Amino acid sequence: MTEQRQLADRESVIQVNNMNKWYGEFHVLRDINLDVKQGERIVICGPSGSGKSTMIRCFNRLEEHQQGEVSVNGIELTDNVKNIEEIRKDVGMVFQHFNLFPHLTVMENLTLAPMFVLKRPKAEAEETAMKYLERVKIAEQAHKYPGQLSGGQQQRVAIARSLCMNPKVMLFDEPTSALDPEMIKEVLDVMIELAKEGMTMLCVTHEMGFAKEVADRVIFMDAGQIIEQNEPHEFFNNPQNDRTKLFLSQILGH
Amino acid sequence: MTTMIPSQARPTGGSTMRRSVSWLKTNLFSSPTNTVISLICIYILWEILSAVVGWAIVNASFSASKEFCGDVSGACWAFVHDNYRFLLFGTYPLDEQWRPLIAIFMLVGGILISMNRRFWSPWLAVAWIVGFVVMYIILGGGILGLERVSSTNWGGLTLTLILAVVGIAFAAPLALILALGRRSEMPFVRVICVVFIEVFRGVPLISVLFMASLMFPLFLPDGVSIDKLLRAQVGIIFFQAAYLAEVFRGGMQAIPSGQYEAADALGLSYWQKMSKIILPQALRLVIPPTMSTFISLFKDTSLVTIIGLFDLLAATKAAINDPTWRQQYIEGYVFIALIYFCFCFFMSRYALYLDREMHKGMSH
């Protein structure tokens, strides 16, 4: 409880007010309300097609919402390109399929955005890149191309690439779903370490062990709505909604 | 318990001789039917080759004068000896032909330098523009004490190379702009690019050249005239840019959406995203079809003969119209076919090399 109260006093990083989104006629996100505090670790789960990924992709404008307000760091997301660029500097994103740039080396992948977006000198960008590569334990691969690395290594590079921008919040979009089982742990370890250092994180994942270990809050979504949210102990042991119970029985049942 | 499995050396096929024999057996003589087909093909090949070699080399006359050609049944290569200046420079004044020679060296030299990846930088583009201006001054003259030579007298291989190289140099960047414009989110820009591409792809090059040479001047006010060579050149550039734009667009569409999203998520601007992430990957993908377009551009320059420009093909036609050389039309066409082939083959080999070079390391 004490930790919860601490979080409540902190500043909000992402504030979402009645956000709605449609794909044509299809209502993908319905009345989403969310307040993410600085340093908060949120895990978002739910059946596939429930709008989890779409929701977090609205937080850096990879998707557009049509109704309601989203603000990140106090800047509201609108069509204003300047605002979008400002927000993207502060929001890191890790994708299911890594999306590293295959024509650039690992080092170039990490230094590109700091050099061109943040206008950092090359030497400084490379120093920062090396620091984060060491943190994700992959420094020796700096001069290889992404295609020469394993999936787990690529995802760790992708995490380091986001960290190089020194983001205020990190979005993870099913970061372990495309990985072979033996590589999931190396990526989760990096994410757990990041969480423990106080990074604000929103993570769409089915890794419930990760949720139990680091999350401050678990959000369950279905059919474009936030159905239930709670701190992990309560969420897993005492789910309130029937749909949450069904979902949990399906993924934890065996 | 685990046991180590010793790895074995890969078996080699023995001597070169034995390997070639076994290659022949498996590939050409593996069954009676295959043997028959192989033998027939070898026989046909032999007949064709012996006829060609016999005509072009064994029974040919290589002397510099036509007088000796009566004695031989093969080719009379004196044709080339007597006409090469005409084929290279067209009707350019004889005493001034060192100027188109310099132009040819500049063009070929520029191509050779540009092929080397070490020189790829924005400065190369500047060097090309400066090179074109210098070449124009050298050929056209009128200043620096150079005698004025009208562009109607530029001809032969010089003209073919000018049309092709200037065509490629301007069609490629224009195509890039068109391809980006066609994928733009701004409706106005997109519509302009779509209309441009579809119009120029929808008509044959010949009609573009006719429009440029015959119809376009009718729309100009009295007293204003634009050089015919320039009009044809612009026609070629627009036409090929429309094709190339579609090639480039295809490359951009082949880049997974994740690449665009990752670039967006990192906060790159549109131009940064395109120049650093999307285009470098997209252009690598389309090296082979891009080079195909360049090769067809090079060959299509021969169509300018229809509007009265005097390129390599037109020069050859004129040369064999000379009563002296009426009988040597095969030699003439074979000779320029060889010139065209050398350039085109060179381009396609370079595309192969570049394709391999650019994909080094980034294997998936």
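The values are calculated or read from the model by the stated rules, or taken from the named source; none is laboratory data. Please read all numbers here as calculations on a predicted model, not as lab measurements. Glycine gets a Cβ as well: all are built from the backbone with ideal geometry, and neighbour counts include every protein chain shown. Surface areas here come from the heavy atoms of the whole protein model, side chains and all, with no ligands, DNA or RNA. Shrake-Rupley method; radii C 1.70, N 1.55, O 1.52, S 1.80 Å.
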Filter result for the condition that a residue is in a helix (DSSP H, G or I), assigned by TED's automatic domain parsing to the domain that holds B:Leu283, open to solvent by 60 Å² or more (accessible area, probe 1.4 Å) and out of contact with any Ser or Thr (no Cβ under 8 Å at 6 or more places or on another chain), over B:Leu176, B:Leu214, B:Leu230: B:Leu214
Check B:Val189, B:Val133, B:Val194 and return the single one that is surrounded by fewer than 13 Cβ atoms within 10 Å (Cβ to Cβ) and part of a helix (DSSP H, G or I). B:Val133
Please tell me if B:Ile287 is under 16 Å from the mean Cα position of the chain (by Cα) and within 14 Å of another protein chain (Cβ to nearest Cβ). yes
Residues (farther than 14 Å from A:Gln96 by Cβ and open to solvent by 30 Å² or more (accessible area, probe 1.4 Å)) located in the stretch A:153-176: A:Gln153, A:Asn166, A:Lys168
Within the stretch B:115-129, the residues that are open to solvent by less than 80 Å² (accessible area, probe 1.4 Å) and not polar (S, T, N, Q) are B:Met115, B:Leu124, B:Ala125, B:Val126, B:Ala127, B:Trp128
Which residues, counting only those in the stretch B:92-107, are open to solvent by less than 50 Å² (accessible area, probe 1.4 Å), part of a helix (DSSP H, G or I) and in contact with a helix residue (DSSP H, G or I) (Cβ under 8 Å, 6 or more places away or on another chain)? B:Arg99, B:Pro100, B:Ala103, B:Ile104, B:Leu107
How do the pairs read when you match residues in the stretch B:255-271 that are within 9 Å of chain A (Cβ to nearest Cβ) with residues anywhere that are of a type in the set (Phe, Trp, Tyr) and open to solvent by 40 Å² or more (accessible area, probe 1.4 Å), using Cβ under 8 Å and keeping only pairs 6 or more apart or on different chains? B:Leu268/A:Phe116
For B:Tyr353, which of the numbered conditions (1) surrounded by fewer than 14 Cβ atoms within 10 Å (Cβ to Cβ); (2) within 30 Å of A:Val106 (Cβ to Cβ); (3) touching a residue at least 60 places away in the same chain (Cβ under 8 Å); (4) of a type outside the set (D, E, K, R) fails to hold? (3)
Going through the stretch A:71-82 one residue at a time, which ones are within 22 Å of A:Lys119 (Cα to Cα), away from chain B (no Cβ under 12 Å) and surrounded by fewer than 17 Cβ atoms within 10 Å (Cβ to Cβ)? A:Ile75, A:Asn80
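For (1) β-branched (Val, Ile, Thr); (2) within 26 Å of the chain's Cα centre (by Cα), each residue gets a yes or a no:
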position	(1), (2)
B:Leu146	no, no
B:Thr152	yes, yes
B:Gly156	no, yes
B:Gly167	no, yes
B:Leu178	no, yes
B:Val191	yes, no
B:Pro204	no, yes
Kindly indicate whether A:Gly92 is within 13 Å of another protein chain (Cβ to nearest Cβ) and part of a strand (DSSP E or B). yes
Determine, yes or no, whether A:Lys131 is within 13 Å of chain B (Cβ to nearest Cβ) and open to solvent by 70 Å² or more (accessible area, probe 1.4 Å). no
Residue, farthest from A:Leu194 (Cα to Cα), within the stretch A:134-152, restricted to residues that are open to solvent by 40 Å² or more (accessible area, probe 1.4 Å) and more than 12 Å from every other protein chain (Cβ to nearest Cβ): A:Glu140
Just checking, does the stretch A:98-115 include any residue being open to solvent by 30 Å² or more (accessible area, probe 1.4 Å), within 12 Å of chain B (Cβ to nearest Cβ) and free of Cβ contacts under 8 Å to residues at least 24 places away in the same chain? yes
Output the residues belonging to the stretch A:116-128 that are more than 9 Å from every other protein chain (Cβ to nearest Cβ) and buried (at least 17 other Cβ atoms within 10 Å of the Cβ). A:Arg120, A:Ala125, A:Glu126, A:Thr128
Among the residues of the stretch B:298-317, write down those that are open to solvent by 40 Å² or more (accessible area, probe 1.4 Å) and small (Gly, Ala, Ser). B:Gly308
Of all residues in the stretch A:13-69, which are more than 14 Å from chain B (Cβ to nearest Cβ), outside any strand (DSSP E or B) and not polar (S, T, N, Q)? A:Gly24, A:Glu25, A:Gly39, A:Glu40, A:Gly46, A:Pro47, A:Gly49, A:Gly51, A:Lys52, A:Met55, A:His65
Checking A:Leu179 against (1) within 12 Å of chain B (Cβ to nearest Cβ); (2) in a loop (DSSP other than H, G, I, E, B); (3) surrounded by 20 or more Cβ atoms within 10 Å (Cβ to Cβ): exactly one of these is not met. Which one? (1)
Here are B:Ser296, B:Ser225: which of them is among the hydroxyl-bearing types (Ser, Thr, Tyr), away from every other protein chain (no Cβ under 12 Å) and not in a helix (DSSP H, G or I)? B:Ser225
What number of residues within the stretch B:136-152 satisfy the criterion of being outside any helix (DSSP H, G or I) and either touching a strand residue (DSSP E or B) at 6+ places or on another chain (Cβ under 9 Å) or open to solvent by less than 60 Å² (accessible area, probe 1.4 Å) (or both)? 5
Failed item in (1) surrounded by 15 or more Cβ atoms within 10 Å (Cβ to Cβ); (2) within 30 Å of A:Leu246 (Cβ to Cβ), with A:Arg88 passing the rest: (2)
